[in-house]
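Enquirer: Let me give you the structure first, and then I'll get to my questions.
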């Protein structure tokens, strides 16, 4: 028989978990439930009257061409950021893995961008690409290319993608480097003896072996591009020109705080919340199971 | 198939020198074992031959070609690693075919050679499994298979048996030996296990702290060890070393017992005799106080000290012998089994 240990009923365990529970309730559950509640309301711009309208905000979004465009744009933006930052990080990590002398300096320098605040990162890129002051439009002008992201939506999109990807390269680099260094050296040596050159080794041995990391980073980068690039976009383009760089998160802010459509903004937040939950489920479901050896 | 020449190879890492002027001429089809304690530079030497480690000075040639500047891929070698280094994401078949695929062999030819190697190693039924689904011994075979499908000029083995359990190790040892004889490929095998070295090698190279102590057949090393290090390293249990003084054709041990021998030598020497060469003899000059004994079945190991000294002595007695701790036994040492070494340099003194 298994003996069960009984503790006398006591207040202590409840007290010990109370801080965590209170924090979760106050900072997560309460705002989330408020957002859900808000999403069922329509309010006038002055906040004088509210009406309970059930799912009207959601059906409005569903039928809004603008919202669906924003959705598509966000997916495009996320995919571009994830692809750009991951592929660049992979290349850097591939080289860092081969560096023997000065590898600590190299690595430290590569990690720095991650420590830069998003708004500052945005400001840096803004200065570099400013059509009147920036160095890059000046150089592009010399080769006959006219850069003005204040007017050209595609260029604006390019700029926020580059800025957002740049910020994330450091993070991806760290994970890729760690993954590469955890591959036993002898496997690489065996491939070298088998006749595979550096590129072939990378493609047929290293890359398949770090695929769990790639999958993990894909999810993390998608989440990052979806939800954490507000600062960069706000600093660089404010969602413009003509909404060309308005992502879902930016639209939540714009509709809620600029447009003062609190109900519609809350409905968008709820949709984003569902997306986060879905992505987290995907992450937990697959990351430990799939692509493992 | 090819002979391998090592010409005055040295290796330094910064200020540390790990190999000193290694010379060797390895014949076509020969099986050479490099043996030595951990950190003696044996794996480094092998990796230099493979091209995985740069050569500081000296030359390595395979066949008639100096390979110093060649990539591992261009040296026409195959290597079996200690941890097998199988590609974990590929099946056994893909693992074995990898090198052939890179060399752009026709598909049918790859298939034929993989099948042939699988038959030799009896791993045909595992061809579609992943390495993680195999036991240690099976992985070992796959690693061997990956080496032999390539049909290289040289096999290099880097302690391939050290991750196997004792029984499997003995079995694989024999199989490697048989396989090497059958294929006739020049092979270099690195190990720290002297029994493995003795049983596998046509010739043994004993390395110690970066120096080649002796390079010869197992029996040469056993019968006429060139240095005190080789004498202590080859043979199990290890040779007994007794401090002694040589003068006027006799060797005087620490407790004053004199033995004939050592013509033309005088001064402090080390007297060596293998445990199995001490012959029980009630009138023998070497008297040993028994401390404890180990009955191994086929023989009995007596652990004791030379009477009147603190020098440890081990004697291997055939069959079952019952000994009492504290009693004293007498042995004689046949002159042919005695070894003398210079106390300072450790070099062998020929009688």
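Enquirer: Taking region A:179-206, which residues are touching a helix residue (DSSP H, G or I) at 6+ places or on another chain (Cβ under 8 Å) and more than 8 Å from chain B (Cβ to nearest Cβ)?
Expert: A:179, A:180, A:183, A:188, A:201, A:202, A:206, listed by residue number.
Enquirer: Mind listing just one residue for me: the one in region A:23-46 that is touching a helix residue (DSSP H, G or I) at 6+ places or on another chain (Cβ under 8 Å) and in a loop (DSSP other than H, G, I, E, B) and, of those, surrounded by the fewest Cβ atoms within 10 Å (Cβ to Cβ)?
Expert: Going through the qualifying residues, I end up with A:40.
Enquirer: Condition check: in the same structural domain as residue B:34 (by TED's automatic domain parsing), touching a strand residue (DSSP E or B) at 6+ places or on another chain (Cβ under 9 Å), closer than 25 Å to residue B:286 by Cα and in contact (Cβ under 8 Å) with a residue 12 or more places away in the chain. Does residue B:225 satisfy that?
Expert: yes
Enquirer: Please state which one of B:182, B:274, B:203 is surrounded by fewer than 22 Cβ atoms within 10 Å (Cβ to Cβ) and touching a strand residue (DSSP E or B) at 6+ places or on another chain (Cβ under 9 Å).
Expert: B:203
Enquirer: All but one of (1) within 9 Å of chain A (Cβ to nearest Cβ); (2) assigned to a loop (DSSP other than H, G, I, E, B) hold for residue B:99; state the number of the condition that does not hold.
Expert: Going through the list (1) within 9 Å of chain A (Cβ to nearest Cβ); (2) assigned to a loop (DSSP other than H, G, I, E, B), residue B:99 breaks only (2).
Enquirer: Oh, and also: Determine whether region B:42-63 contains at least one residue that is within 27 Å of residue B:163 (Cβ to Cβ) and away from chain A (no Cβ under 14 Å).
Expert: Yes, region B:42-63 has at least one match.
Enquirer: Okay, moving on. Looking at residue B:82, is it over 24 Å from residue A:203 (Cα atoms) and buried (at least 16 other Cβ atoms within 10 Å of the Cβ)?
Expert: yes
Enquirer: Report whether or not residue B:80 is under 31 Å from the mean Cα position of the chain (by Cα) and more than 12 Å from chain A (Cβ to nearest Cβ).
Expert: no
Enquirer: Identify all residues within region B:193-229 that are under 25 Å from residue B:178 (Cα atoms), more than 13 Å from the chain's Cα centre (by Cα) and assigned to a strand (DSSP E or B); write none if there are none.
Expert: Answer for region B:193-229, where residues must be under 25 Å from residue B:178 (Cα atoms), more than 13 Å from the chain's Cα centre (by Cα) and assigned to a strand (DSSP E or B): there is none.
Enquirer: Which numbered condition trips up residue B:286, out of (1) at pLDDT 90 or above; (2) surrounded by 20 or more Cβ atoms within 10 Å (Cβ to Cβ)?
Expert: Of everything listed in (1) at pLDDT 90 or above; (2) surrounded by 20 or more Cβ atoms within 10 Å (Cβ to Cβ), residue B:286 misses just condition (1).
Enquirer: I've got another one for you. Where residues in region A:68-82 are surrounded by 15 or more Cβ atoms within 10 Å (Cβ to Cβ) and farther than 14 Å from residue A:157 by Cα, which of them is nearest to the chain's Cα centre (by Cα)?
Expert: The residue in question is A:82.
Enquirer: Run residue B:75 past the list (1) closer than 17 Å to residue A:189 by Cβ; (2) more than 14 Å from chain A (Cβ to nearest Cβ) and report the number of the one that doesn't hold.
Expert: Every condition holds for residue B:75 apart from (2).
Enquirer: Examine region B:192-203 for a residue that is under 29 Å from residue B:109 (Cα atoms), at pLDDT 90 or above and in the same structural domain as residue B:109 (by TED's automatic domain parsing), and state whether such a residue exists.
Expert: No.
Enquirer: For region B:155-171, give me the residue count where each residue is assigned to a strand (DSSP E or B) and surrounded by fewer than 15 Cβ atoms within 10 Å (Cβ to Cβ).
Expert: 0
Enquirer: Tell me which of these residue B:94 doesn't satisfy, since it passes every other one: (1) more than 23 Å from residue B:162 (Cα to Cα); (2) touching a helix residue (DSSP H, G or I) at 6+ places or on another chain (Cβ under 8 Å); (3) within 13 Å of chain A (Cβ to nearest Cβ); (4) at pLDDT 90 or above.
Expert: Of (1) more than 23 Å from residue B:162 (Cα to Cα); (2) touching a helix residue (DSSP H, G or I) at 6+ places or on another chain (Cβ under 8 Å); (3) within 13 Å of chain A (Cβ to nearest Cβ); (4) at pLDDT 90 or above, only one is false for residue B:94: (2).
Enquirer: Here is a list: B:297, B:319, B:304. Which entry is under 32 Å from the mean Cα position of the chain (by Cα) and surrounded by 18 or more Cβ atoms within 10 Å (Cβ to Cβ)?
Expert: After applying the criteria, what remains is B:304.
Enquirer: Pairs only if they're at least six apart or on different chains, beta carbon under 8 angstrom, first in region B:267-291 and at positive phi, second surrounded by 20 or more Cβ atoms within 10 Å (Cβ to Cβ) and in a strand (DSSP E or B); list them, first residue then second.
Expert: B:267/B:246
Enquirer: Under the condition of being within 14 Å of chain A (Cβ to nearest Cβ) and over 24 Å from the mean Cα position of the chain (by Cα), which residue from region B:118-145 is surrounded by the most Cβ atoms within 10 Å (Cβ to Cβ)?
Expert: B:131
Enquirer: For region A:153-185, what are the residues that are more than 18 Å from the chain's Cα centre (by Cα), free of Cβ contacts under 8 Å to residues at least 60 places away in the same chain and surrounded by fewer than 18 Cβ atoms within 10 Å (Cβ to Cβ)?
Expert: A:178, A:182, A:183, A:184, A:185
The values are calculated or read from the model by the stated rules, or taken from the named source; none is laboratory data. Because the structure is predicted, anything quoted here is derived from the model rather than measured. Note: ideal-geometry Cβ built from the backbone for every residue, glycine included; neighbour counts use all protein chains shown.
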